[in-house]
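Below: the structure, in C-alpha cells.
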Amino acid sequence: MQDRNHLAQVDTTHQVHIIENGLIDIPMLQILKPDGTLHEQAQEPDIDQETARKMYDTMEYIRVLDERMVGAQRQGRISFYLASTGEEAAAVGSAAALQPQDMIMSQYREQGALAYRGYTTSQFMNQMFSNQKDPNKGRQMPIHYGDKPLNFMTISSPLGTQIPQAAGYAYGQKMAGQDAVTICYFGEGAASEGDFHAGLNMAAVLKCPVIFFCRNNGYAISTPAEEQFAGDGIASRGLGYGVKTIRVDGNDPLAVYAATLKARELALEERCPILIEAMTYRLAAHSTSDDPTGYRSRDEEDKWRLKDPIQRMAKWLQHKGWYDEQANKTLVDETRKEVLSALKEAEKVPVNPIEDIVSDVYDKVPAHLQKQVDELKDHIEKYPKAYPKTAGRSK
Amino acid sequence: MQDRNHLAQVDTTHQVHIIENGLIDIPMLQILKPDGTLHEQAQEPDIDQETARKMYDTMEYIRVLDERMVGAQRQGRISFYLASTGEEAAAVGSAAALQPQDMIMSQYREQGALAYRGYTTSQFMNQMFSNQKDPNKGRQMPIHYGDKPLNFMTISSPLGTQIPQAAGYAYGQKMAGQDAVTICYFGEGAASEGDFHAGLNMAAVLKCPVIFFCRNNGYAISTPAEEQFAGDGIASRGLGYGVKTIRVDGNDPLAVYAATLKARELALEERCPILIEAMTYRLAAHSTSDDPTGYRSRDEEDKWRLKDPIQRMAKWLQHKGWYDEQANKTLVDETRKEVLSALKEAEKVPVNPIEDIVSDVYDKVPAHLQKQVDELKDHIEKYPKAYPKTAGRSK
Amino acid sequence: MAKMNLLQAINNALVTVMEEDERAMVFGEDVGHFGGVFRATSNLQEKFGKGRCFNTPLTEQGIIGFANGLASQGSVPIAEIQFADYIFPAFDQIVNETAKFRYRSGGQFSCGTLTIRTPYGGGIAGGLYHSQSPEAFFAHCPGLKIVVPRNPYQAKGLLLASIRDDNPVLFMEPKRLYRASVSDVPEEDYELPLGKADIVQEGSDITLLGWGAQIEILQQAADMALEDGVSCEIVDLRSISPWDAQTVAESVMKTGRLLINHEAPLTGGFASEIAATIQDQCFLYLEAPVARVCGLDTPYPLAHEKEYMPDQYKTYEAIKRTLKY
Amino acid sequence: MAKMNLLQAINNALVTVMEEDERAMVFGEDVGHFGGVFRATSNLQEKFGKGRCFNTPLTEQGIIGFANGLASQGSVPIAEIQFADYIFPAFDQIVNETAKFRYRSGGQFSCGTLTIRTPYGGGIAGGLYHSQSPEAFFAHCPGLKIVVPRNPYQAKGLLLASIRDDNPVLFMEPKRLYRASVSDVPEEDYELPLGKADIVQEGSDITLLGWGAQIEILQQAADMALEDGVSCEIVDLRSISPWDAQTVAESVMKTGRLLINHEAPLTGGFASEIAATIQDQCFLYLEAPVARVCGLDTPYPLAHEKEYMPDQYKTYEAIKRTLKY
Ligand SMILES: Cc1ncc(C[n+]2csc(CCOP(=O)(O)OP(=O)(O)O)c2C)c(N)n1
Ligand SMILES: Cc1ncc(C[n+]2csc(CCOP(=O)(O)OP(=O)(O)O)c2C)c(N)n1
Ligand SMILES: [Mg+2]
Ligand SMILES: [Mg+2]
C-alpha cells in the first residue's frame, strides 16, 4: 500500500485567513457584442456557414414554436406548455457544438437542442398531444420529450435527477470506449438539489466525460437567483468539486458554441467533467401555469429583451453576409403553418389503446398487471361513455 | 417591484477562460509548531490558563476513555465503540471556543466536545450500556450521545442529516434573538451527501449563525479522501456557497480554538454561516468493527503519530509554565480507574422496563401502541426466560 | 361563516396560527412573496415579514432538514413541498429523522412542532409526476401523523389541529379540490380531532371508506347504489396515521361489508393495511371480502388517466360485487 | 458443490457475472479495494480492475443516480447501499427514476440492467439505524422487483437471476445470516426464478409465510407446533415484488389458515398486502383471520431488541391462536 497524504497540497499560514466571496473572479465569455459585431479581443469560433445558419434557423424555429404553443395552450388545445424565449442560444449554441453520438440529458427548457438534432414539428406535436405516435406513449405531460434515435434522453419532471445520471451515463460511454460525451442541462434552481452535489462530485472523482450545462436564467419559477444561492452563481461551485468551469454569456450563440466545443474537447481528451454556466434570462413565464407579473417588473424584462440572442445572431450573420432576409421570412411563415397543420394532425391521432396502460412498467406485463388490465377492459365495455378515449378500441 | 440583475457582479471576457483547481490557495492556519512553540508570525489566542488546562485535560481524558472503551469492546463488554484518537484537538479546541448556550450537533467522533461541556464518565457509560439511566433511554448504539441540559443534540447515525438541521436550528436561534450559534460537526466523507449541499446553501441564503465544522481526517471508513472528492478539500466549496471559510490544522488545539473563536464572532455579528475545515487524521480504526490494515500502511499512520495534538499542547503548556506533570499523571490514572468503576457500575444498571418500548414514538402512547405493548407484556409473562432483560420487571 | 375554497381555508388557518404564535414560520419553494404556486400562502410574507414566510432554495431534502432543526429548536415550522411527487428527496429526512427524532433521544428532543403541507393526487392531467398519492409510503413509518382533509371546513380545522399537535404531521392536500371545493368555513379558530374518522353518511349495507378527494367519488357511487336500494355508510378516515380502526370496525360490524377506495396503486397502498386489520378484527362479521378499489399497479398515467382512476363507476361495480358475494 | 456462507455465495455470484459480462460493474461505499464493510465484494477490484469495481463518494442518492444513468446507457450496474437503513437518501432516485424510467419513455430507455444490493434486518444489536427492513416502502412502487434470499444457495441463484433480469431489482440481503448461514452451493452458474415463492416445508393445518432470515424463525415455530401435532406448511416468498399470490393462495386453500411474519413494523408492512389479497382470494377457505406476526409500530429498538422481534415464541403463540379461532 502506498502512503497517502491528504495534506500534500496544503500550504500553511499563521493568521486566521478567511476565504470569501470575491476572492476569485469568474468572467463571462462574450464573443459577440449586442450589435452582432465581434469583440476586438474575441476570436470567432471556427464555424461554417451551414452550421451557423442551422443554429440561427433553429432558434427562429423554436421562437415560433414556443409562441404558437403558448397560444394553443391558451385556446385549451393542449394542457400545458413551457417556452424558452430569450434562452434559445443556450440550448442551440451548445447542441451545435456536439456530435450526434453524444447523449443529451435535458431539464425541460432545451427544446432548441432537440430541434437542432432534427426533431420534427410532428414529433413535437405528438408528444404534446400524448397520442399514440409519441414514442413515449403519451405517458408524460407536454414538453417531456425523449427520443432514442436522436440520443435525447426522455425528460423527467423531478428536478436535478438527471445530474448524477449524466455522470453515470458518461462513465458508461468511457468504459465502452466510445468517442462520445454526455451533456446535462439544468437550471440554476435545480442546482440547489442534493443530486447536483452528488452528480458533480462523482463525475469529478470518477472522471466522467460529461458537460454539466447550467442555464442560469435568474429565476426558478418566482424565486430569484438571490434567494437561490449566495455564491457567485453556479460557476463558483466548480472549483469546489475540482471541475473545470467556464462561464459564458448565454445570450451569445457564438460564445456558447465556442465554450461547448472547448468543453467537449477537454471532456474527451482528459476524460473529465466540465461545468458551463450560461448567464441568460427567462423572458417567458415559467410555464403556461405561471404569471410573472406577480414577482417581477416589466421594466426588468425589457432590459433583457434588448439582449435577444436571435437578434444578435442575425446581425452577425448579416455582417458575415450569411443572412438571407427572404429565406428567414419564409422560415417563419412556413413554421407557423407547419405548426398549425401538425397540431391539427396530432390532435386527431388517438391515444394508445388501453392495453398500453400496463406496458413498460416491467419488460413484460406480469400476471397481476395482466389481470388488472383485463378487468379494466371489461369495465370499460360496461361504461363506454365514461371512457371515451379508449372505449370500443383495442390493440 | 425592484429590478433584479443577476449579472450585476459579472465581468466579461472574450477568451475561453477556464476556472480550475489551483486557482485559489487555501492555506491552513497553524499556530503551534509540532514542537509546541509558537510560529513566529502567529499570534497566540487570548486564552487563560484555566481554559488551556481544561482543553488539555479533556483531550487526555478522551484519549484514555477511547483506549479503555476499545478494550472493553474487545472484551465483549460493549457491542461497539468509535475512537477519536489523534483528532481530539478538533473537537476539544472548537468546543472550548463556544459558549454553553451554543447548540452542538455532532457526527459521532466528537466525544471531546461533549466531555468539554461536562459530560461525566458515568453518563458516557450509561449511554454505552443502553441502560435506564441513559437520557436517550438506551435506544441507540454506543456513542450516540445526546444531552439536552448540555445543549448537545442526540447523535443520529445517518450521515449528513444534521447539516441542514443545524442551519434550521441556527435560524431559530436568530429569530428568537438569542446570543447563541449552532456548531455542526461532520467528516469529509459525510460532506459528499446531498444534505451537505442543501445545508450550506440554505444557511448562506437564509443567513443562519451556524459554524459548519468539517473534520477532514483523510478517510471515510476505508475510502481515502482522494476517492471522496477531487477539489481542494472541503474548504474550497465554501466559496461556491458564498460561505466564509477557514482552514485550520486540526491537530493544533490553539489554531482550532482561534479559528472557532473567530467563526463564532463572525456568525453572531454578521448572522451568517462559517465553514471550518480542520485537517487531521483518523489514527484510530474507523470503529471497533473496522481493521485499517486492510487499506492503509502502518508507515502512513506513524507519520501522523508524530503530529499528535496532545503532545503538541503539552509542550506548549510546558513553555507557558502551565504544565503539571504530576497532575497530569494523576488525571490519567484517575480516569482509568474512574472509567473502570463507572463501567462496572453501568453494566449493572438494568435497561428500561418494557413499557418504554413504545414511549417517545409519539408525544403520548396512542391506542394501537398501547395494545401492542399490553400484548407484549402478556407474552413476556408466558416466556420469561426468552426475555431476560425485561421479564418480571415493570415500571 | 364565510364561503371559502380549500386554498382559502388553508391560508386562513395559516394566518390564524401565525398571528397567535410568533414562533410559527412558513417556508418552501415559491411560498414567499409569490404565495406559492397554488397561492396557499398568499400575503403571508406581507403580513408577517420575510423572516417568518420565505422562499427556500430548491431542495426538498434541505427544506425538511432545515425544518427538523427548526422544530427541534422549539420554533413551529410549517414547510411546504410544492407537489407530493417531489417529497421523495426528503424521504430520508422525514423517515429517518423527523419520525425518529423524539424516540432516539428518549424524548429529550423532538420535531413535534413540525407540519409538512403538500398537495397530492391526480385528476388534473398531471401525469406521473404531478399526481401521486404517497400516503402509504409514510404510513409504514412510526412517529409521523398523516392527515388528509376532504373539504375547506375540514381543511382549516384539521390543519390548525395538525400545527398545534406535538407530533410531526404530514398534511396532504387534495389539489384537485383546491379551487373546486367550496364550503362554509367559520372565520374563528376551531380544531377538528386528529386520529378520528368521520362518518359522512350513515348506512346499513356496506361501509365505503376513503379520504380526501375520493370522498366525493364514494358519495357518487353511494348515490348510484341507492338507486338499487343499497344503503351505504360513508366514512372519511381523515387521519391515515394513526388511523381510527375502531370507528371503521364498528361500522363494518354493523354493515358486514367494507370497500376501501384510494388513488394510489393497489399493492401496498394503505387500503391493504385497513383490509388486513379489519379481516382480523371483524372476521366473523364480514359477509364478503373487503374490497379495494384503487389505482392500478403502474405509475400514474396521463393519456389513460380516466381509465386509471378509481372512479364512481368502478366503485359502484365493486359495491354490487360485494353485495352479491 | 462447496460450503459457502451467504457472503461467499454473493461474492461468487458477482464473480460469475463479472467474468461473463464485461459491462457489469460493482460500486458503492467501501466496496473497492476493501471489499465492502461486510466483505461481500472482496477481491473484485483486484480481479476486474478499478474501472469495474470501485468506491464511490459517500452519497446514496448519487450512487443510485449514477447507477440509473449507467443502466440507461446499457452497462450492468450492481450498486451497493452499505445498510438498508441508508437507502432513503436514494428514495427519490429509486422510486421516481429507476422504477419509472422505462414507463415514462414508452420503453425507449430503461434501468432494466440495474441491481441494488443492500444488507437489511435486525438481530445484530444495531438499533434503529442498522436494523431496518424497508421492503414495504419499495413494494408500493410499481416498476421495481424486490428479492430476498434465505440462505447461501438461494442467494447465489437469485442474485444471478436478478442481475440478468431486464428489470431493476432491489436485492435485500439478511445481514444476520451473512456469516451464520452456511450451505452447499454449486460452483457453477445457476439461476432461481424471480416472482416464484418456494415451499420450504409441506403441511396441512396452517401456512406460515415469510422471507429472508425469518424463515428460520418460522421453522423453529413450526417445530414447536409439531409437538402439539400441528402440521405447518412453510412458504418462502423470495420475491416481494411482484409476489407470487398464486402459490400462497393455493397453500391457504389447502390449509385454511395463514400466518405472515416479518421484522418490519406491522402497520403498512408487506404482510398487510398479503393479508388483504388472501382474504379476498381465499375468503371462503379461511377458517381464521390471517395472522400477522411483525415488528411493533416503533423504530427498531436497541435495549429491547429481543422483545421487539417477531420471534419463534410469538409465532408459535399466533399459530395456536389461529388454530383455536
Ligand atoms: C424535485 C422537484 N421539486 C420541485 C419541482 C417544481 N418545479 C418545476 S420547475 C421549478 C423551477 C426550476 O427552476 P430552474 O431550475 O432555475 O429552471 P428554469 O425553470 O429557470 O429553466 C420548480 C420548483 C420539480 N419539478 N421537481
Ligand atoms: C447515510 C449514511 N451512509 C452510510 C453510512 C455508513 N457509514 C458510517 S461512518 C461512514 C464513514 C464516514 O466518514 P467521515 O464522514 O469522513 O467521518 P469519519 O469516520 O472519518 O470521522 C460510513 C460510510 C451512514 N452512517 N450513513
Ligand atoms: Mg432558472
Ligand atoms: Mg473522515
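All of the numbers you see were taken from the coordinates with simple rules; none came from a lab. None of the values given here were measured: they were computed from a predicted structure. Positions of Cβ are backbone-derived with ideal geometry, glycine not excepted, and every protein chain shown enters the neighbour counts.
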Could you check which residue among B:242, B:250, B:146 shows the biggest mean-square fluctuation in a GNM of chain B with a 10 Å Cα cutoff?
B:242
Dimensionless Rg/Rh of the range D:220-281 - Kirkwood Rh, Rg from C-alpha atoms
0.97
Quick one: which residues, 5 or more positions from residue B:29 or on another chain, have an amide H under 5 Å from its amide H? H modelled 1.01 Å from N in the peptide plane, none for Pro or chain starts.
A:13, B:247, B:248, B:249
Sticking with the crude label model, points 7 Å out along Cα→Cβ, report the distance from residue B:15 to residue B:378 in nm, one decimal please.
8.4
Taking the convex hull of the alpha carbon atoms in the range D:2-185, what volume per residue do you get, in Å³?
100
At 1.002 mPa s and 20 °C, Stokes D of the range B:238-384 from Kirkwood alpha-carbon radius, µm² per second:
100
Under the Karplus relation 6.51 cos²θ - 1.76 cosθ + 1.60, θ = phi - 60°, what is the ordered set of whole-Hz ³J(HN,Hα) values for the range C:8-20, x standing for Gly and Pro?
5, 5, 5, 4, 4, 5, 5, 4, 3, 6, 6, 5, 7
Zone of residue D:320 (label point 7 Å along Cα→Cβ, backbone N under 12 Å): which residues in the range B:360-395?
B:379-384
So what's the angle, to the nearest 10 degrees on a 0 to 90 scale, between helix D:312-324 and the longest Cα principal axis of chain D?
40
What's the ranking of B:288-299, D:155-166 by average number of surrounding C-beta atoms within 10 Å, highest first?
D:155-166, B:288-299
Bins of 20 Å from zero: percent of alpha-carbon pairs in the protein assembly as shown:
10, 39, 38, 12, 1
Along the dipole axis of the range B:46-348 (charges at Cβ: +1 for Lys and Arg, -1 for Asp and Glu; origin at the Cα centre), the most positive-end residue among B:164, B:153, B:220 is B:153
Using only the Cα atoms, work out Rg/Rh for chain B, with Rh taken as the Kirkwood radius, to two decimals.
1.02
What's log10 of I(q)/I(0) for the range D:198-324 at q = 0.16, 0.20 Å⁻¹, Debye sum over Cα points only, no solvent?
-0.70, -1.10
C-alpha long axis of helix C:60-73 to longest principal axis of chain C, angle in °:
70
For the pair residue A:271 and residue B:303, what calculated FRET efficiency results from E = 1/(1 + (r/R0)^6), where r is the Cβ-Cβ distance and R0 = 45 Å, to the nearest 0.05?
0.90
In degrees from 0 to 90, rounded to the nearest 10, what is the angle of the helix A:162-175 Cα long axis to the longest principal axis of chain A?
80
Between residue D:146 and residues 5 or more places away or on another chain, the pairs with built amide H atoms under 5 Å apart involve D:170, D:240, D:241
When the gyration tensor of the range D:1-102 is built from Cα positions, what are the square roots of 5 times its three eigenvalues, in whole Å, from largest to smallest?
23, 16, 13
Note on the range D:44-90: the mean projected area of its alpha-carbon convex hull, in nm², is 3.5
Rounded to whole Hz, the Karplus (6.51, -1.76, 1.60) HN-Hα couplings of the range A:4-19, x for glycine and proline:
10, 9, 6, 9, 3, 8, 8, 7, 10, 9, 10, 10, 5, 10, 9, 8
Taking only the alpha carbons of the range D:273-319, the radius of gyration and the largest Cα-Cα distance, Dmax, both in angstrom, are 13.8, 43
With unit charges on the beta carbons (Lys and Arg positive, Asp and Glu negative) and the dipole taken about the Cα centre of chain B, which residue among B:310, B:236, B:121 sits farthest to the positive side?
B:121
Compare the Cα positions of D:9, D:94, D:40 along the charge dipole of the range D:2-185 (+1 at Cβ of Lys, Arg; -1 at Cβ of Asp, Glu; about the Cα centre) and return the one farthest towards the positive end.
D:9
So what's the Cα pair-distance distribution over chain D, bin width 10 Å, in %?
6, 27, 34, 22, 9, 1
Pick from B:310, B:357, B:274: which residue has the top mean-square fluctuation in a GNM of chain B where Cα pairs under 10 Å get a spring?
B:357
If every Lys and Arg gets +1 and every Asp and Glu gets -1 at its Cβ, then about the Cα centre the protein assembly as shown yields a dipole, in debye to the nearest 20, of 880
Give me the three principal axis extents of the range A:226-271 from the C-alpha atoms, as integers in angstrom, largest value leading.
35, 26, 10
Length released on extending from residue D:182 to residue D:43, taking residue separation times 0.36 nm less the Cα-Cα span:
48.0 nm
Just to be sure I understand the curve: with the Debye formula and one point per C-alpha of the range B:1-154, what is log10 I(q)/I(0) at q = 0.11, 0.12, 0.15, 0.17 Å⁻¹?
-0.61, -0.67, -0.85, -0.99
If I model a spin label at residue A:391 and residue A:50 as a point 7 Å from the Cα along the Cα→Cβ vector, what separation in nanometres do I get?
5.4
So what's the Cα pair-distance distribution over the range A:124-260, bin width 10 Å, in %?
11, 35, 37, 15, 1
Give me, ordered by chain and number, the residues 5 or more places off residue A:85 or on other chains with an amide H under 5 Å from its own placed amide H.
A:284
Here FRET efficiency (C-beta to C-beta, residue B:332 to residue B:3, R₀ 60 Å, nearest 0.05) is 0.35
Only bridges whose two residues both fall in the range D:198-324 count here: according to DSSP, what percent of them are antiparallel, nearest 5?
20
Dmax and Rg, reported as Rg then Dmax, of the range A:15-85 (C-alpha, Å):
20.8, 66
HN-Hα J in Hz across the range B:302-309 - Karplus 6.51, -1.76, 1.60, θ = phi - 60°, x for Gly and Pro
4, 4, 7, 4, 5, 9, 3, x
Mean projected area (nm²) from the convex hull of Cα positions in the range B:296-352 is 7.1
